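Worksheet for the structure shown next.
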Amino acid sequence: MIEVRPFNSLGAANHGWLDAHHHFSFGDYHEPGRTNWGRLRVWNDDTIAPKTGFPAHPHRDMEIITYVRKGAITHKDSLGNEGRTEAGDVQVMSAGSGIQHAEYNLEDEETTLFQIWILPDGRGGEPSWGAQPFPKGDRSGRFVTLASGIEGDEGALPIRSNARVVGATIKAGDSVTYPLTPDRHTYLVPATGRITVGDKEANARDGVAVTGLDSITLTAIEDSEIVLVDAA
């Protein structure tokens, strides 16, 4: 099954400083058919105005992956971690038994990002945070694992879930294939560009939900940047 979820069908909330679009039920947006996709619980498409952001707030028992598309986000948490993650890079926070963090766009331009929440395999555990650069050139024409809790995935930021987050950049006319098993749940979004997934077409910021297949082939109609979650 391949289901395209157009960007204009997503939940939305514009708070002035934050323009948020929700692929899954979140906050005041509740859509029973879009509560989760396997262990994938949240995929928010956020635009954050300059010099604004999320003040300190708590999380627990969630793997939170932030993929910065434009600008940068500055993180500070109750463990004493602080860091700036810029476009193309990724940060991961394992909330574990509990953590408080703040996220601010301290830049002079707006920041756009995907925030992805994945349910962990178990509750509790020591919270943690980390960030890592992933140059887009290294992802040209192939998938690179950005974050993973699957054994054997080296070089990725660790998460505590049977899931992985991968990224690829595809030039117009080129294709990449991602192997699957029919019992897993895959969700992907073109951050930029336009693609086909099997016989379906998806534009930038559309969601594509996939399950029950052995593989999917993505073909770029325009130069495209892809983020994909493969989850149990």
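The values are calculated or read from the model by the stated rules, or taken from the named source; none is laboratory data. The structure presented is a predicted model; accordingly, all values stated were derived computationally and were not measured. Cβ atoms come from the backbone with ideal geometry, glycine included; neighbour counts cover every protein chain shown. Heavy atoms of the whole protein, side chains included, go into the accessibility calculation; ligands, DNA and RNA do not. Shrake-Rupley method; radii C 1.70, N 1.55, O 1.52, S 1.80 Å.
Remark: the range 21-175 carries 44 Å² of accessible area per residue (probe radius 1.4 Å; ligands, DNA and RNA excluded). Near Val166, once Lys and Arg are set to +1 and Asp and Glu to -1 for all other residues with Cβ below 11 Å from its Cβ, the sum equals +1. Taking each residue as 0.36 nm, the span from Ser140 to Asp19 lengthens on full extension beyond its C-alpha to C-alpha distance by 40.6 nm. Between Asp223 and Arg123, the modelled label-to-label distance comes to 4.8 nm, taking each label 7 Å out from Cα in the direction of the beta carbon. I need the shape label for the range 126-171. Rule: rounded when a/c is under 1.5, else prolate if a/b > b/c, else oblate, with a, b, c from the alpha carbon gyration tensor. Note, shape of the range 126-171 comes out prolate.
Restricting the chymotrypsin sites (Phe, Trp or Tyr not before Pro) of the range 1-48 to loop positions (DSSP other than H, G, I, E, B) with no more than 16 neighbouring Cβ atoms within 10 Å leaves Trp17. Summing charges over neighbours of Val42, with a neighbour being any other residue whose Cβ is under 12 Å away from its Cβ, gives 0 when K and R count +1 and D and E count -1. When only the Cβ of Lys, Arg, Asp and Glu is charged (+1, +1, -1, -1), the dipole of the range 1-117 relative to its Cα centre reaches about 300 debye. Label-to-label distance for Thr35 and Asp214 is 3.3 nm, based on points extended 7 Å past Cα in the beta-carbon direction. In order along the range 204-221, phi translates into HN-Hα couplings of 3, 6, 5, x, 10, 9, 9, 7, x, 10, 8, 6, 10, 10, 9, 10, 7, 7 Hz, rounded to whole numbers, per the Karplus curve 6.51 cos²θ - 1.76 cosθ + 1.60 with θ = phi - 60° and x for Gly and Pro. Just report the Cα centroid separation between the range 187-220 and the range 75-122, whole Å. Cα centroid to Cα centroid, the span is 26 Å.
Expressed in units of 2.2 N^0.38 Å, where N is the residue count, the Cα radius of gyration of the range 130-232 is 1.02. Just so you know, the Rg over Rh for the range 10-67 is 0.97, from Cα atoms, with Rh as the Kirkwood radius.
For the range 91-135, the pair-distance distribution built from all alpha carbon pairs, in bins 10 Å wide starting at 0, is 19, 47, 27, 7 percent.
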